[in-house]
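Chemist: There's a structure below that I have some questions on.
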Amino acid sequence: MEKLWELYRNGDWVVPFLIFSIGFFIITSVLLYLLIIESRSKNIRRQRLRTEYNNSIDKIMSSVIFEGVSFASIKEDKNFMVLFDTVFFRSVIMESVLNLHKNYDGVYAEKLEQFYKDSGLIGDSFKKLKSLKWEIKCKGITELAEFNITTAFDRILTFSKARKKTLKITALNACIKLAGTRGIIHLAEHSDPIDDWTQLNIIAAFKKHDIGDTKGVELLLESKNTTVIALGLKLIKELKLTQKVPFVSQLAAQAPNTLIKYEAESIIQALTA
């Protein structure tokens, strides 16, 4: 310790330290500059490729939608298949097919769904569910729900209990789209609180997808979780489910707390007025 103290007092360390600090700063600055240049160049290249790919994809998808061309015919083009086997091209065509499906229905939508399956893009979506990144999982869930892959329901359902709120809401919305009321009745046994934001998203999903069959919504009123009961009451009120009034009346008579009781009574009055 005495030698270190003497070295500190003499000040012999100052010059080497300053030289090292300046050198380290210059090297770090150069490396950061090179990384920024490389990142910018990569983004420019990707954007250029995206533009080129979109031009080809638009022609292909037009033939699929309006001419009924199958993927089996498309994959005879070797140049296309070379591109199709690259990760970036598959991501671009996935975005294109997804956006087209959102804007078409009927026969056109069915053709896009068939292309999604035949091309193997469905496999890419399932792989995303295994990702460690929640945002990638969300993309996979959204894609599978958009293309009405009902076989994915059970796997998507497991994410409805995720800690990440965005992932949970995405999974619940997908379950509602794929299975209607069956997508949420499992919440009756849900022990964790369901916050207002999640409840609003669930209600919005029902309205968006125009769920006709509401059988099972009343099961939410039997939950021991008061936030789940509140969700059930909100769904009955917002969707104007007058056929559920008897269940609401039963809840009002046996409400777990005063707030639920008042809410149930107000919904009965609103639906029977």
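The values are calculated or read from the model by the stated rules, or taken from the named source; none is laboratory data. These numbers come from a predicted model, not from an experiment. Every residue, glycine among them, receives a Cβ derived from its backbone with ideal geometry; neighbour counts consider all protein chains shown. Ligands, DNA and RNA are excluded from the accessible area calculation, which covers all protein heavy atoms including side chains. Shrake-Rupley method; radii C 1.70, N 1.55, O 1.52, S 1.80 Å.
Chemist: For the range 179-226, enumerate the residues that are outside any helix (DSSP H, G or I) and of a type in the set (A, V, I, L, M).
Modeler: So in the range 179-226, the residues outside any helix (DSSP H, G or I) come out as 184, 190-195, 210-216, 223-225.
Hits for the range 179-226 are Ile184, Ile194, Ile211.
Chemist: A further question follows. If you go through the range 239-254, how many residues are open to solvent by 30 Å² or more (accessible area, probe 1.4 Å), more than 35 Å from the chain's Cα centre (by Cα) and not polar (S, T, N, Q)? It would help to see each step written out before you state the result.
Modeler: Going through the range 239-254, the residues open to solvent by 30 Å² or more (accessible area, probe 1.4 Å) turn out to be 239-240, 242-243, 246-247, 249-250, 253-254.
Remaining after also requiring more than 35 Å from the chain's Cα centre (by Cα): 246, 249-250, 253-254.
When the remaining residues are screened for being not polar (S, T, N, Q), the result is 246, 253.
Qualifying residue count for the region: 2.
Chemist: Do we find a residue being modelled with pLDDT under 80 and acidic (Asp, Glu) anywhere in the range 10-33?
Modeler: Yes - at least one qualifying residue is present in the range 10-33.
Chemist: For Glu265, only one of the following conditions fails: (1) assigned to a helix (DSSP H, G or I); (2) exposed (fewer than 15 other Cβ atoms within 10 Å of the Cβ). What is its number?
Modeler: (2)
Chemist: Something else about it: Determine which single condition Leu200 fails, assuming it passes every other condition in (1) open to solvent by less than 50 Å² (accessible area, probe 1.4 Å); (2) of a type outside the set (Ser, Thr, Tyr); (3) under 18 Å from Val217 (Cα atoms).
Modeler: (1)
Chemist: Next question, about the same structure. Please name all residue pairs, on different chains or six or more residues apart, with Cβ atoms under 6 Å, provided the first residue is in the range 212-240 and is closer than 16 Å to Ile268 by Cα and the second residue is in a helix (DSSP H, G or I) and among the acidic types (Asp, Glu).
Modeler: Taking only residues 6 or more apart or on different chains, the pairs are Leu233/Glu263.
Chemist: When you scan the range 124-147, do you find a residue that is assigned to a helix (DSSP H, G or I), among the β-branched types (Val, Ile, Thr) and open to solvent by 70 Å² or more (accessible area, probe 1.4 Å), even just one?
Modeler: First, pick out the residues of the range 124-147 that are assigned to a helix (DSSP H, G or I): 124-128, 134-146.
Among the residues that remain, those that are also among the β-branched types (Val, Ile, Thr) are: 136, 141-142.
Next, only the ones that are open to solvent by 70 Å² or more (accessible area, probe 1.4 Å) stay: none.
Checked against the condition, which is being assigned to a helix (DSSP H, G or I), among the β-branched types (Val, Ile, Thr) and open to solvent by 70 Å² or more (accessible area, probe 1.4 Å), the range 124-147 yields no hits at all.
Chemist: As an exercise: evaluate Ser56 against (1) in contact (Cβ under 8 Å) with a residue 12 or more places away in the chain; (2) under 30 Å from Thr151 (Cβ atoms); (3) surrounded by 10 or more Cβ atoms within 10 Å (Cβ to Cβ) and give the number of the one condition it does not meet.
Modeler: Only one criterion is unmet by Ser56, namely (2).
Chemist: Still on this structure, please answer the following. What's the total number of residues in the range 163-194 that are surrounded by 15 or more Cβ atoms within 10 Å (Cβ to Cβ) and either of a type in the set (D, E, K, R) or touching a Pro at 6+ places or on another chain (Cβ under 9 Å) (or both)?
Modeler: Count: 3.
Chemist: Of all the residues that make up the range 149-159, how many are surrounded by fewer than 21 Cβ atoms within 10 Å (Cβ to Cβ) and in contact with a Lys or Arg (Cβ under 9 Å, 6 or more places away or on another chain)? Break it down stepwise before answering.
Modeler: Of the range 149-159, the ones surrounded by fewer than 21 Cβ atoms within 10 Å (Cβ to Cβ) are 149-151, 153-155, 157-158.
Those still in the list that are in contact with a Lys or Arg (Cβ under 9 Å, 6 or more places away or on another chain) too: 149, 153.
Number of matching residues: 2.
Chemist: Any residue in the range 257-273 that's closer than 17 Å to Ser223 by Cα: show its pairings with residues that are small (Gly, Ala, Ser) and not in a helix (DSSP H, G or I) at Cβ separation under 7 Å, as long as the two are six or more apart or on different chains.
Modeler: Lys261/Ala255; Ala264/Ala255
Chemist: Residues to consider are Val82, Val92, Val97; find the one that is among the aliphatic types (A, V, I, L, M), within 21 Å of Glu52 (Cβ to Cβ), open to solvent by 90 Å² or more (accessible area, probe 1.4 Å) and part of a helix (DSSP H, G or I).
Modeler: Numbers: Val92 fails: open to solvent by 90 Å² or more (accessible area, probe 1.4 Å); Val97 fails: open to solvent by 90 Å² or more (accessible area, probe 1.4 Å).
Checking each option against the conditions leaves just Val82.
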